[in-house]
Amino acid sequence: MLHKNFIAGSWVEGSSTTRNINPSNTDDVIGEYTQADRAQAEQAIAAAKAAFPAWRKSGIQQRAEILDRIGTEILARKEELGRLLSREEGKTLPEGIGEVARAGQIFKFFAGEALMQAGEILPSVRPGITVEITRDPLGVVGLITPWNFPIAIPAWKIAPALAYGNCVVFKPADLVPGSAWALAEIIARAGLPEGVFNLVMGRGSVVGETFIQSPDVAAISFTGSVDTGKRIAAACGAGMKKFQLEMGGKNPLVVLDDADLKVAVNCAVQGAYYSTGQRCTASSRLIVTQGIHDRFVDAVTAELKQLVVDDALKPGTQIGPVVDQKQLDQDLYYIGLAKDEGAKLAWGGERLNRETPGFYLQPALFTETRNDMRINREEVFGPVATVIRVEDYEEALAVANDTPFGLTSGICTTSLKHAQHFKQNVETGMTMVNLPTAGVDYHVPFGGRKGSSYGTREQGRYAVEFYTTVKTSYTLPL
Ligand SMILES: NC(=O)C1=CN([C@@H]2O[C@H](COP(=O)(O)OP(=O)(O)OC[C@H]3O[C@@H](n4cnc5c(N)ncnc54)[C@H](OP(=O)(O)O)[C@@H]3O)[C@@H](O)[C@H]2O)C=CC1
Ligand SMILES: CCCCCC(=O)O
């Protein structure tokens, strides 16, 4: 079966196709997916533009019911969709099912938000005049998503876009079309008028470029690499488009002498290596004070030796394969670079063989690293973490903030004083105390600072800032 694009309410073939390969077993072809060319991407944009005038006036009850219907079906099928997600992306089955559940919860959350489009009414400073502050939808929004959260990141862009009355052209990462297509198939049956939602599978350099260049696309929401994010920012700026970028991080986990060692080790292993380290929120720099350093390194190393690296769908697997050859090459490149820079490899870093051909990599831990090494400046986006030894809390905070990124951070400590000071002074958009840096709630703001993110926050009620525009009205009643 060829999985087609969904444009103007119909399933249509594109100009080429791509095969979806299982990173746990590269002999396993999950399915064949069509790829749009520029013309088809433009057809989708035109369909969304034509649908907007009516959709922007749709009732909030209609929107709420549609979003709730989508969320209900996603949750009802979380095992099936979770298995598909793990098969195509490589995160373990529990992680895949968890991500699908999160997507369903996100749609249900925004079903509620669709009903709560609050504004404000104030008296003018001029007597007798009333001022109203309301919000309008933007129009056609282009949603461009990465491979590492194939259904949750699309959900947290699509759901608010629709809730606030926008029309959508959605381009998933070419590497993981399965989850995106399954999500689109649910959305296609949820009762939206034709053209309101369009799935446009295809290469970023073709479909993505068409979105960011089109004068009929009012806004772009993007998650992915810094390089692509900068490209999108330049194009959107030139075209006076609204845009938001979520691009990753070099997230620090600070471990102080007074930390609970067991908690700190769990935070480090979960945060740095689960989901094969392929999370923008993953810990990659473990910043450890002198007094606990050796005990911490020994304990983390002991944990890494126990981790089960295997087929994502196999029961008991804790670390699935890397997503593809390109990412594996990137991980191995940085492992080699760290060695060349003089970092000490405490454990792992070798490609592994398993029963089936896949991109299996032993989680790697480097010690005796300095924050000015490239391994500590650049995002690897794999199961690779480094330890930086520091003297005290003050030095730990300074090192944590000394990075071009600012997405998330963490501190393991039993000192309320240090926890409070860290929350107030760490330069990241999100921060955790005695918790992994990865793993966030779905109903609160998500996003970072510096090179990690651009624009307003995603997720939760804060999403209204991006997916609407404010109008101030003055009325003199006659
Ligand atoms: N912060 C995060 O959540 C993520 C960060 N990353 C980082 O990015 C690196 C590469 O991952 P990758 O998925 O390839 O990231 P990319 O930035 O290459 O891709 C992200 C999305 O952007 C699309 N895209 C690519 N080029 C363009 C373009 N010129 N215009 C518009 N859209 C475009 C891609 O399409 P397509 O892939 O179909 O070509 C994909 O849908 C990772 O190694 C990691 O460092 C990656 C994923 C998530
Ligand atoms: C939903 C995708 C990003 C969330 C990353 C995390 O939960 O750590």
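Points to keep in mind about this one:
- Helix-only CD estimate at 222 nm, as mean residue ellipticity for the chain, using -39500 (n - 2.57) per DSSP H run (n ≥ 4): -12000 deg cm²/dmol
- Gyration tensor (alpha-carbon) shape descriptor, segment 251-433, a/c threshold 1.5: prolate
- Along its three principal directions, the equivalent ellipsoid of the chain from the Cα gyration tensor extends over semi-axes of 39, 28, 19 Å, largest first.
- Judged by the ratio a/c of the largest to the smallest principal axis of the C-alpha gyration tensor, segment 319-391 counts as prolate, that ratio being 1.5 or greater while a/b is larger than b/c.
- Charge dipole of segment 73-219 (Cα centre as origin; +1 on each Lys and Arg Cβ, -1 on each Asp and Glu Cβ, all else neutral): 160 debye, rounded to the nearest 20.
- Once the 1.4 Å probe is applied to the protein heavy atoms, segment 1-127 comes out at 47 Å² accessible per residue.
- Most positive-pole-ward Cα, GLY119, GLN459, THR228, against dipole of the chain from beta carbon charges: GLY119
- Considering only THR475, PRO383, SER15, the residue lying farthest towards the positive end of the dipole of the chain is THR475, judged by Cα position with unit charges set on Cβ.
- Only the Cβ atoms of Lys and Arg (+1) and of Asp and Glu (-1) were treated as charged; on that basis the dipole of segment 347-478 about its Cα centre amounts to roughly 420 debye.
- Judged by the ratio a/c of the largest to the smallest principal axis of the C-alpha gyration tensor, segment 158-222 counts as oblate, that ratio being 1.5 or greater while a/b is no larger than b/c.
- Charged neighbours of GLY447, selected by a Cβ distance under 9 Å, balance to 0 (K, R count +1; D, E count -1).
- Whole-percent carbon and sulfur share, accessible surface of segment 251-433, 1.4 Å: 49
- A straight Cα-to-Cα reach below 17 Å connects LYS230 with the lysines LYS241, LYS242, LYS450, residues fewer than 8 places away in its own chain not being considered.
- Nonlocal amide H pairs with ILE21, under 5 Å, H built at 1.01 Å: ILE30
- Nearest-20 debye value, segment 177-307 charge dipole, Cβ charges on Lys, Arg, Asp, Glu: 280
- Anchor LYS344: lysines whose Cα lies under 29 Å away (excluding residues fewer than 8 positions away in-chain): LYS91, LYS250, LYS262, LYS305, LYS326
The values are calculated or read from the model by the stated rules, or taken from the named source; none is laboratory data. Just so it is clear, the structure is predicted and the values come from calculations on it, not from any experiment. All Cβ positions, glycine included, derive from the backbone under ideal geometry; neighbour counts span all protein chains shown. Keep in mind that these areas ignore ligands, DNA and RNA; they rest on the heavy atoms of the full protein, side chains included. Shrake-Rupley method; radii C 1.70, N 1.55, O 1.52, S 1.80 Å.
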